[in-house]
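Below: one structure, written as structure tokens.
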Amino acid sequence: MNKELLGLLVIFGSTMLLALPLGRYLATVYRGDKSWTDFLAPLERLLFRAAGIDANRGMTWQQHLVALLTINLAWFVWAMVVFCLQGSLPLNPDHNPSMTPDQAFNTAISFLVNCNLQHYSGESGATYFSQLFAITFLQFVTAATGMAACVVVFNALKEGTTEKLGNFYNYFVKSITRVLLPIATVVALVLVFQGTPMNWSGKASLVTVQGDSVSVSRGPAAAMIAIKELGTNGGGFFGANSAHPLENPTYLTNAVENFALVLIPLAMVFAFGYYLKRPRLSYMVLGVMTVGFMMLLAPTVYYEMHGNPAIAQMGADQRLGAMEGKEVRFGAAASAYWGITNTIISCGSVNSMHDSHMPISGMAEMLGMMTNAFYGGVGVGFLNFFVFVIIAVFISGLMVGRTPELLGKKIEAREMKIAIIVALLHPLLILAGTAMSAHLYAGNPTEYAGWLANPGYHGFSEMLYEFTSSAANNGSGFEGLGDNTPWWNISTGIVMILARYLPIIGPVAIAGLLARKKFIPESAGTLRVDTATFGVMVFFVIWIIAALAFFPALALGPLAEHFTLY
């Protein structure tokens with residue numbers, strides 16, 4: 001047990017140590033200062049020249065959003081074409097079929113919005129062509145989109161008044177060339193040397209030690225797996241995701257993939273402080289996020305390491321923990337750690353089956369997605385946190401009788417309305433979708449019997465988890481849910497679209513409005529946002545909104561299931 005906990009401490013500590021210099025590097029790159037990767041500048045200029053883009057032209061917040069949404073629409077059309085025609089396209093040695101229109105719609109939206117919800121099994125539902133030229137491509141560009149949008153907000157919070165907030169294309173391209181591609185290459189090489197496939201071969205026929213004949217899928221897996229973690233995407237090359245022995249062969253690859261999925265969200269927090277030259281502010285943000293992370297991690301590790309009481313009553317040894325749905329090469333503790341990191345990070349890759357986790361663990365994983373502000377995805381995690389900061393500043397200002405100010409800019413009615421709409425949109429999408437699904441199933445359980453393998457409390461949790469994962473751009477699931485149906489494909493696709501773009505549009509709009517306002521230098525009466533006191537305020541704003549919105553639903557699902565076991 002002590003060795004398992006030590007492994008978690010090493011993984012978390014190493015990630016934090018790597019994130020600090022990476023954050024400083026990100027700030028340097030986005031500010032346009034000299035860095036060791038300037039040798040890539042000619043390549044970037046070539047790309048801009050070929051696309052007819054002036055990367056030095058300043059853009060307003062509206063122009064940033066137009067650029068972002070336009071290129072995302074083009075990517076959606078490309079992905080739909082690939083998924084609908086993949087059975088007829090090259091690089092398909094296993095002869096996998098094309099997707100149905102509703103499944104192609106869900107998959108294209110899922111990877112477009114950095115969610116990677118998979119209503120198909122990776123090795124049989126996608127071809128090598130679609131894995132590389134649609135899925136892996138989208139995993140790079142959607143991650144870079146979130147990072148570029150985040151830098152726009154950074155620019156708005158700098159001292160002074162301005163209409164121009166940098167250039168979206170400049171931040172977007174540099175996020176790929178100077179951050180995602182180099183680090184993903186290193187991660188992919190580690191995976192290859194540990195046994196992950198990187199080839200064009202079809203399935204291999206093998207005979208197991210039990211004498212069974214099986215077909216093992218292969219393909220260009222390592223490249224896709226590296227960016228799926230680094231870009232907090234999460235979609236598995238294989239159906240079992242990072243629980244698959246070829247996708248995550250050893251404890252070392254498990255640690256490296258875990259580094260990758262948390263690294264950039266952590267680094268963006270440090271980059272925020274360095275970019276604004278206010279490191280104490282980034283420490284406040286990091287502190288709030290880390291406390292929230294630890295509050296979700298602790299009970300999950302505890303319950304997973306102490307086993308399942310229902311199985312213990314059957315006489316099964318539970319000294320290894322609750323091992324149903326887990327890989328022995330990782331163990332209960334590392335599986336629990338991954339379960340929380342990949343749900344607070346909106347990544348969605350899994351190294352164990354969340355549907356088999358203990359009820360409190362499942363609730364903690366859902367809360368990580370419901371709060372959607374503890375580290376979060378690349379770039380968009382900070383944008384979600386920024387919304388809660390706006391709300392906390394406004395409430396704090398009312399409490400002390402002052403006009404709310406954030407870093408010298410007044411928070412007024414327009415900014416507050418946008419922030420509230422974004423904050424309430426998240427629970428609305430989750431709870432409305434779950435309510436409609438529960439109503440359909442309860443009204444005609446025979447018609448929709450394929451949805452739920454576990455009716456009752458756990459079945460409700462499966463439906464709640466699916467919409468929570470979709471709204472949080474996560475992509476993991478309680479896989480007891482039969483989700484490849486027109487209802488689930490279309491309903492979660494709509495939720496993913498709304499939950500991705502409105503929470504980007506809202507913070508960028510707030511940032512643009514703030515940037516135009518007169519800058520007010522800090523004085524003795526200014527609310528300091530880089531203090532522990534303000535951090536506590538932000539923390540409770542996050543938890544109060546989550547608790548008020550989601551507690552009734554959690555009581556009907558994971559909490560009710562927990563009390564039937566204990």
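Couple of notes before you dig in:
- Segment 116-141, subset under 17 Å from the mean Cα position of the chain (by Cα) and within 24 Å of Asp483 (Cα to Cα), residue surrounded by the fewest Cβ atoms within 10 Å (Cβ to Cβ): Thr136
- Filter result for Val262 (among the aliphatic types (A, V, I, L, M), open to solvent by less than 50 Å² (accessible area, probe 1.4 Å) and over 20 Å from Asn241 (Cβ atoms)): no
Residues checked against (1) over 17 Å from the mean Cα position of the chain (by Cα); (2) of a type in the set (D, E, K, R):
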residue: Asn342; (1), (2): no, no
residue: Ser361; (1), (2): yes, no
residue: Val378; (1), (2): no, no
residue: Ile390; (1), (2): yes, no
residue: Ile395; (1), (2): yes, no
residue: Lys410; (1), (2): yes, yes
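- Selection status of Leu424, under 25 Å from the mean Cα position of the chain (by Cα), buried (at least 24 other Cβ atoms within 10 Å of the Cβ) and not aromatic (Phe, Trp, Tyr): no
- Residue in segment 77-89 that is among the small types (Gly, Ala, Ser), assigned to a helix (DSSP H, G or I) and under 30 Å from Tyr302 (Cα atoms) present: no
- Taken together, the residues in segment 206-235 that are over 19 Å from Leu91 (Cα atoms) and either among the small types (Gly, Ala, Ser) or open to solvent by 20 Å² or more (accessible area, probe 1.4 Å) (or both) amount to 13.
- Matching residues, segment 73-96, being surrounded by fewer than 14 Cβ atoms within 10 Å (Cβ to Cβ) and either free of Cβ contacts under 8 Å to residues at least 12 places away in the same chain or among the acidic types (Asp, Glu) (or both): Leu73, Ala74, Val77, Ser88, His95
- For segment 268-316, a residue qualifies if it is open to solvent by 40 Å² or more (accessible area, probe 1.4 Å), within 24 Å of Met363 (Cα to Cα) and aromatic (Phe, Trp, Tyr), and the qualifying residues are Tyr302, Tyr303.
- Failed condition for Thr403, given (1) within 26 Å of Met305 (Cα to Cα); (2) surrounded by fewer than 22 Cβ atoms within 10 Å (Cβ to Cβ); (3) polar (S, T, N, Q): (1)
- Just one of the numbered conditions (1) more than 19 Å from the chain's Cα centre (by Cα); (2) within 23 Å of Ile227 (Cβ to Cβ); (3) not small (Gly, Ala, Ser) is not true of Leu85: (2).
- Extreme residue, farthest from Gly379 (Cα to Cα), among residues of segment 217-262 that are of a type in the set (Phe, Trp, Tyr) and in a loop (DSSP other than H, G, I, E, B): Phe238
- Test: residue in segment 459-472 that is part of a helix (DSSP H, G or I), without any contact (Cβ under 8 Å) to a residue 40 or more places away in the chain, farther than 30 Å from Leu230 by Cα and touching a Leu at 6+ places or on another chain (Cβ under 6 Å): yes
- Residue among Gly235, Gly211 that alone is small (Gly, Ala, Ser) and on the phi > 0 side of the Ramachandran plot: Gly211
- Just one of the numbered conditions (1) open to solvent by 70 Å² or more (accessible area, probe 1.4 Å); (2) within 30 Å of Thr434 (Cβ to Cβ) is not true of Thr485: (1).
- Residue check: Ile176 meets all listed conditions (1) open to solvent by less than 10 Å² (accessible area, probe 1.4 Å); (2) within 27 Å of Tyr275 (Cβ to Cβ); (3) not hydroxyl-bearing (Ser, Thr, Tyr) but one, namely (1).
- Taken over segment 349-382, the residue count meeting the criterion of being closer than 17 Å to Glu462 by Cβ, polar (S, T, N, Q) and either open to solvent by 10 Å² or more (accessible area, probe 1.4 Å) or free of Cβ contacts under 8 Å to residues at least 40 places away in the same chain (or both) is 1.
- Among the residues of segment 511-542, the ones that are part of a helix (DSSP H, G or I) and surrounded by fewer than 16 Cβ atoms within 10 Å (Cβ to Cβ) come to 5 in all.
- Condition check for Ser110: polar (S, T, N, Q), within 22 Å of Phe140 (Cβ to Cβ) and in a helix (DSSP H, G or I): yes
- Between Ser491, Ser476, the distinction of being in a loop (DSSP other than H, G, I, E, B), under 30 Å from Phe76 (Cβ atoms) and of a type in the set (Ser, Thr, Tyr) belongs to Ser476 only.
- Applying the criterion of being closer than 26 Å to Tyr375 by Cβ and in contact (Cβ under 8 Å) with a residue 60 or more places away in the chain to the residues of segment 33-46, the residue that is most open to solvent (accessible area, probe 1.4 Å) is Ser35.
- One residue stands out among those in segment 184-205 that are open to solvent by 50 Å² or more (accessible area, probe 1.4 Å) and either outside any loop (DSSP other than H, G, I, E, B) or hydrophobic (A, V, I, L, M, F, W, C) (or both): the one that is nearest to Thr15 (Cα to Cα), which is Val186.
- When segment 123-136 is filtered for residues that are over 18 Å from Thr492 (Cβ atoms) and either in contact (Cβ under 8 Å) with a residue 60 or more places away in the chain or touching a strand residue (DSSP E or B) at 6+ places or on another chain (Cβ under 6 Å) (or both), the ones remaining, listed by number, are Glu123, Ser124, Tyr128, Gln131, Leu132, Thr136.
The values are calculated or read from the model by the stated rules, or taken from the named source; none is laboratory data. Source: prediction; values computed, not measured. Cβ sites come from the backbone with ideal geometry, for glycine too, and all protein chains shown count toward neighbours. What goes into the accessible areas is simple: the full protein's heavy atoms, side chains included, and nothing from ligands, DNA or RNA. Shrake-Rupley method; radii C 1.70, N 1.55, O 1.52, S 1.80 Å.
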